[in-house]
1. Residue under question is residue 317, and the condition is that it be buried (at least 20 other Cβ atoms within 10 Å of the Cβ), at pLDDT 95 or above and assigned to a helix (DSSP H, G or I); does it hold?
2. For the stretch 372-382, indicate whether the set of residues that are in a loop (DSSP other than H, G, I, E, B), assigned by the TED database to the domain that holds residue 175, at pLDDT 95 or above and farther than 23 Å from residue 279 by Cα is non-empty.
3. In the stretch 157-172, how many are surrounded by 20 or more Cβ atoms within 10 Å (Cβ to Cβ) and over 18 Å from the mean Cα position of the chain (by Cα)?
4. Is it the case, given these coordinates, that residue 292 is on the phi < 0 side of the Ramachandran plot, at pLDDT 95 or above, touching a helix residue (DSSP H, G or I) at 6+ places or on another chain (Cβ under 6 Å) and not in a strand (DSSP E or B)?
5. Within the stretch 333-347, can you find the residues that are more than 17 Å from residue 161 (Cα to Cα), touching a helix residue (DSSP H, G or I) at 6+ places or on another chain (Cβ under 6 Å) and either without any contact (Cβ under 8 Å) to a residue 60 or more places away in the chain or not in a helix (DSSP H, G or I) (or both)?
6. Any residue at all in the stretch 349-358 that is touching a strand residue (DSSP E or B) at 6+ places or on another chain (Cβ under 6 Å), part of a helix (DSSP H, G or I) and closer than 30 Å to residue 6 by Cβ?
7. For the stretch 27-47, name all the residues that are outside any strand (DSSP E or B) and crowded, with 24+ Cβ neighbours inside 10 Å.
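The values are calculated or read from the model by the stated rules, or taken from the named source; none is laboratory data. Since we're looking at a predicted model, the values are computed, not measured. Cβ placement follows ideal geometry from the backbone for every residue including glycine, while neighbour counts extend to all protein chains displayed.
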């Protein structure tokens, strides 16, 4: 097959696009402005439908061997100090091929695909290379690339922008990125302190409701495989990055969350702005958007990377059919409609609701929500419905109905 696709961005979504196209025998070049696999410490949860998609691409054994299986997840009332609800993904064993969430940091997915599968499948990954200009023609796209002092222009049949929320590709096509930015930022702190050993009733994935300072707490394997716990907190109004990430600031947050003797060891920490935005379209001619370049959301519920991988699989299945002459390129408009629908109706709506419910200040509303969570977890049928939505299975099913 002589057709050539360029992917801008070697994060998890770009690499899954490369994997999905490469498996179909399509010539692919990935360009990434960073000098190597992006060691981003953000997303780390793969939901059951996403694991199944990656299994279909032939990498399930790799990711499961390097990840941490999380069979359940919990909601806590931080004020009362109690577990409100626990959802057991084992209830989904008849519906999900992989009835668990895999805690597998996104940088590991990027690194595994770029170092292990690129040569095996035969696609090229060019690091330290930036797409500086994109010009569409009737039957191709011209992409100007800069690598150090060298500049070249490549002709490709289609270009996929998987280059993040500040996407150069999206901006080059004047595609609006509609939505809003939260007033507060999020602070992430990773520590080797084993919360699970101290609180043996903690799951590997925990959501803490608190009207003054909600929190998420998740376990990952970490770079050395020994395990890290990652906590996410909101910043306080007016709190600066220097204050939030200072030694005293990090220690204060963790000690307030879980008091202990002595200081916490901090593996890493960061602070970042949080947006809820969706591109006006995921396609403009021969340029397509996927992942954060098309939609961004707060991380509560682990929907960003999962939704991006769902974009990649949907897009590359359709693009492969176009390049083989099996379908007209109108099917790429269907990709845009389906995945934009999923982003707005499910990912945006659910992630916004997730945050709102964790931070709810009205005592009556908060109590009603926690009571509803308890009742949902206690009823197997309602629990299964909850987990279908939380895992984005409902979003996949619903998107397929869009024509």
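1. On the way: buried (at least 20 other Cβ atoms within 10 Å of the Cβ): no; at pLDDT 95 or above: yes; assigned to a helix (DSSP H, G or I): yes.
Criteria not met by residue 317.
2. So far as the stretch 372-382 goes, yes, one or more of its residues are in a loop (DSSP other than H, G, I, E, B), assigned by the TED database to the domain that holds residue 175, at pLDDT 95 or above and farther than 23 Å from residue 279 by Cα.
3. Here is the first cut: in the stretch 157-172, the residues surrounded by 20 or more Cβ atoms within 10 Å (Cβ to Cβ) are 158-164, 167, 169-170, 172.
Then keep just the ones that are over 18 Å from the mean Cα position of the chain (by Cα); that gives 158-159, 169-170, 172.
Counting residues in the stretch 157-172 that are surrounded by 20 or more Cβ atoms within 10 Å (Cβ to Cβ) and over 18 Å from the mean Cα position of the chain (by Cα) gives 5.
4. Working: on the phi < 0 side of the Ramachandran plot: yes; at pLDDT 95 or above: yes; touching a helix residue (DSSP H, G or I) at 6+ places or on another chain (Cβ under 6 Å): no; not in a strand (DSSP E or B): yes.
So residue 292 fails the test.
5. Once the filter is applied, which keeps residues that are more than 17 Å from residue 161 (Cα to Cα), touching a helix residue (DSSP H, G or I) at 6+ places or on another chain (Cβ under 6 Å) and either without any contact (Cβ under 8 Å) to a residue 60 or more places away in the chain or not in a helix (DSSP H, G or I) (or both), the stretch 333-347 yields 342, 346, 347.
6. No: zero hits.
7. So in the stretch 27-47, the residues outside any strand (DSSP E or B) come out as 32-44, 47.
Selection gives 32, 44, 47.
Yes/no matrix, rows are residues, columns are (1) over 30 Å from residue 19 (Cβ atoms); (2) without any contact (Cβ under 8 Å) to a residue 24 or more places away in the chain; (3) under 22 Å from the mean Cα position of the chain (by Cα):
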position	(1), (2), (3)
317	no, no, yes
320	no, no, no
327	no, yes, no
331	no, yes, no
349	no, yes, yes
361	yes, no, no
373	yes, no, no
384	yes, no, no
